[in-house]
Structures are given as structure tokens and as C-alpha cells.
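Structure, as C-alpha cells:
The values are calculated or read from the model by the stated rules, or taken from the named source; none is laboratory data. It should be emphasised that the depicted structure is a prediction, and the values quoted were computed from it without experimental measurement. Note: ideal-geometry Cβ built from the backbone for every residue, glycine included; neighbour counts use all protein chains shown. These accessible areas exclude ligands, DNA and RNA; they are computed on the full protein's heavy atoms, side chains included. Shrake-Rupley method; radii C 1.70, N 1.55, O 1.52, S 1.80 Å.
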Amino acid sequence: MQQVNYTSDELKATLAGGLIPAMPVMFDREGRFHQRAHETYVAFMSSQAIAGAAVWAHTGRGLLLDDETARIVMQQWRQALASKPLIAGVGARRENSNPRQATNATFSMAQAAAEYGADALLVYPPAWFKDYEQRDSLIVEHHEHLAALGLPLVLFYLYEAAGGVCYTTEVVDELLALPNVVGIKMATLDSVMTYQDVARHLQSKHPDKLLITGEDRFLGYSLRRGAQAALIGMAAVCSDLQAELMRAHFEGRAERYLELSDLVDQLAEVLFIHPMEGYIGRILFALSKLGVIPLEGANDPWGPALTPDDVKKITNVLTALNVQVG
């Protein structure tokens with residue numbers, strides 16, 4: 001099957017109303033890429049009700065993967081999802097504060113994503129400009145250079161504690177004015193006010209752009225406040241439940257939406273807790289508990305170890321959601 005090449009408008013139409021999981025990557029206990037577990041997961045997710053996939057995002061440790069693992073991950077997803085859009089995260093490691101090096105690393109990652117078959121780029125915020133006097137213009141120029149590669153772009157508004165930048169309204173306007181920008185993914189975690197303000201601004205000033213929720217901890221509410229698609233790490237597990245929530249919302253089935261929103265919140269409230277870097281390991285454990293991947297492949301080399309309390313709570317929630325656990 002041939003890969004579809006999307007224009008920005010086509011990609012927006014394809015993603016609207018859809019669930020786009022940020023896909024994790026499987027490793028063994030020694031931190032080596034577990035290719036068999038990853039292949040099993042890719043095959044499983046390719047049959048789920050998803051609108052596309054995001055790879056090299058934070059959930060998939062995209063900025064930390066070695067080049068060979070990154071290539072294999074992207075190409076496996078490209079082969080499995082030939083008829084669905086593949087969105088690649090592009091950026092630089094947080095510790096890389098040298099602007100020239102960080103910018104070059106981002107462009108190299110973007111070029112590799114295009115070479116390996118990505119349909120669009122999810123642009124990590126260029127936090128290395130955060131303390132510069134001309135940071136706003138530098139942020140806009142950074143996105144302009146990436147836009148010149150020709151792929152559709154998804155902007156990324158990420159809370160600062162996770163390595164993001166609080167974009168001003170003026171920056172948001174300039175970025176959304178770029179012709180191949182599809183929309184913006186919001187990931188503010190606990191700043192509902194920020195989400196509300198940006199959502200209202202998009203609805204008022206940029207109705208042609210896609211508001212994409214990245215708010216795992218208030219997914220249902222973020223849909224009510226205008227999100228037209230969801231790109232979230234939580235969708236990597238129990239994606240059918242979250243896809244049904246979105247369908248209920250967009251079809252106006254309020255009672256079912258409320259029921260599903262409460263259920264999805266139960267899942268989010270055991271996966272996305274402090275320490276927040278542990279959410280990836282918690283997702284991987286949930287996938288192993290569901291029998292989707294083997295336990296030996298459910299390891300995140302860069303995150304904290306799961307606690308006995310994590311294991312207990314995740315298992316209890318999966319049981320409460322009537323999901324078959326091992």
C-alpha cells in the first residue's frame with residue numbers, strides 16, 4: 001500500500017474528530033530496544049480505532065532514542081499505517097542549550113522524519129530560546145525554517161516544567177499564520193486557565209486551525225472546550241475507550257459522553273501522577289498487564305521505577321474498567 005501524501009488541509013480533515021496516540025517504545029530491563037515487543041505493539045495498535053499515530057514524541061522518548069532505534073521505530077509504524085497519517089516529533093534534548101546545536105539537531109531530526117516517511121511534524125518548543133531578549137522572533141523563525149521543508153506542522157504548546165515555553169498570544173498568532181500549520185497541540189497539564197484562554201483565542205481568531213488536546217488529565221473537558229482531535233500518551237493504552245469517548249462527544253450523545261469521561265479520568269488519574277516522568281513506565285506496565293506486550297519489554301530506561309502502589313492502582317483500574325487483565 002502506498003503512503004498518502006497529505007496537504008495541510010487534507011491532514012486537518014483526516015485528523016478532525018480523531019484520536020492520535022503518542023506511541024511508546026519498548027525496552028528490556030537492560031535498556032535495550034525490544035524489537036519483538038515493539039512489533040507486537042505496532043501490529044495491535046494498527047487495528048485500533050485511531051486516526052493516526054505520533055512517534056518520536058515524549059511518550060516515545062523521541063529526543064532520547066539513538067539514530068538506529070529511531071529509524072526502526074518510524075519505519076515500522078510507516079509500514080503498519082500506510083493509509084493513516086504519521087506525525088513525527090522533532091526537537092533537541094533539554095540539556096542542549098546551545099542554540100545553534102539545538103536548532104541543527106531539530107532540523108536533522110525533521111529531515112530524517114521526512115526521509116523515513118512522516119506525514120507531518122510535531123514541533124517541540126525551542127526552549128533554548130526561552131531566556132533570549134528576542135525569543136519571540138527566534139521562536140517564529142525556527143518554525144518558519146521547519147515549515148520550509150514542506151511537511152505540515154503541528155505546533156506544540158507545552159508547559160514549562162516539561163521543557164516547554166509559554167508562548168505569547170502574538171507568537172501563537174504568527175505561528176498559526178504559517179500556511180502549512182495544521183493546528184496546535186495543547187499540553188498544559190494542570191493549567192486549565194491556559195488551556196481555556198488559548199482555546200477561546202483559536203475559536204475566535206483562527207477557526208480554520210485545529211485545536212488538538214494533549215490534556216490526558218482532563219481529556220473529556222478539553223473536548224467540551226473546543227478540542228477537535230486528541231494527541232495524547234494515554235491513548236497508547238485502552239485506545240478503544242478513548243476513541244468511543246470522542247465519538248460520543250462529537251455525535252452529541254451526552255449521557256454516554258459523561259459516563260465515558262468519568263471512566264477515562266480513572267485511567268488518567270493512575271497513569272499521570274507525580275513523578276510525572278513515570279507515566280511512560282506506567283503505560284508500558286498497563287500494556288503488559290493487558291497482554292498486549294510481554295512484561296520483559298515494558299521498561300522505560302529514562303523514567304523512575306514503578307512502585308508497588310503504581311502496580312496495585314493500575315491493576316485495580318483496569319479491572320474496574322472491565323478490561324481483561326492477566
Rel. contact order, % - alpha carbon contacts under 8 angstrom, at least six apart, the stretch 164-258: 21 percent
Find out how many positive minus negative residues lie around A16, taking Lys and Arg as positive, Asp and Glu as negative, among other residues whose Cβ is under 13 Å from that of A16. 0
What's the whole-number percent of alpha carbon pairs in the chain lying beyond 34 angstrom? 17 percent
Across K12/K289; K84/K185; K130/K185, pairs whose alpha-carbon gap is larger than 30 Å: K12/K289
Summing -39500 (n - 2.57) over the DSSP H runs of n ≥ 4 in the chain and dividing by its residue number, what mean residue ellipticity at 222 nm do you reach, to the nearest 500 deg cm²/dmol? -14000 deg cm²/dmol
Once you order the gyration tensor axes a ≥ b ≥ c over the Cα atoms, which shape class does the stretch 1-140 get: rounded for a/c under 1.5, otherwise prolate or oblate by comparing a/b with b/c? oblate
Shape of the stretch 238-326, Cα gyration tensor, a/c cut at 1.5: prolate
Under a Cβ-Cβ cut-off of 13 Å, what is the net charge of the residues other than P304 that fall near it, where Lys and Arg count +1 and Asp and Glu count -1? -3
Taking chymotrypsin sites (Phe, Trp or Tyr not before Pro) that fall in a DSSP loop and have at most 13 other Cβ atoms within 10 Å as cut points, what is the longest piece of the chain between them? 133-301
What accessible surface, in Å², does a 1.4 Å probe find on T169, ignoring ligands, DNA and RNA and rounding to the nearest 10? 70 Å²
Loop-located trypsin sites (Lys or Arg not before Pro) in the stretch 1-55, at most 16 other Cβ atoms within 10 Å (DSSP): R29, R32
How high is the relative contact order of the chain, in percent, counting Cα pairs under 8 Å that sit 6 or more residues apart? 20 percent
Can you return the aspartates and glutamates within cross-link range of K312? Criterion is Cα-Cα under 18 Å, with same-chain partners fewer than 8 residues away left out. D265, E269
Give me the percent of DSSP beta bridges within the stretch 9-161 that run antiparallel, rounded to the nearest 5. 10 percent
Using θ = phi - 60° and the Karplus form 6.51 cos²θ - 1.76 cosθ + 1.60, what ³J(HN,Hα) does each residue of the stretch 296-302 get, whole Hz, x for Gly and Pro? 5, x, 9, 10, 10, x, 9
Taking the Cα centre as origin and putting +1 on Lys and Arg beta-carbons and -1 on Asp and Glu beta-carbons, what dipole magnitude results for the stretch 55-157, to the nearest 20 debye? 260 debye
Using heavy-atom solvent-accessible surface (probe 1.4 Å) with all chains present, what is the largest-first order of K130, K205? K205, K130
I'd like the trypsin sites (Lys or Arg not before Pro) in the stretch 234-300 restricted to DSSP loop residues with at most 16 other Cβ atoms within 10 Å, sorted by number. R253
Please go through the stretch 195-273 and write out the GluC sites (Glu not before Pro) that DSSP classes as loop and that have at most 13 other C-beta atoms within 10 Å. E251
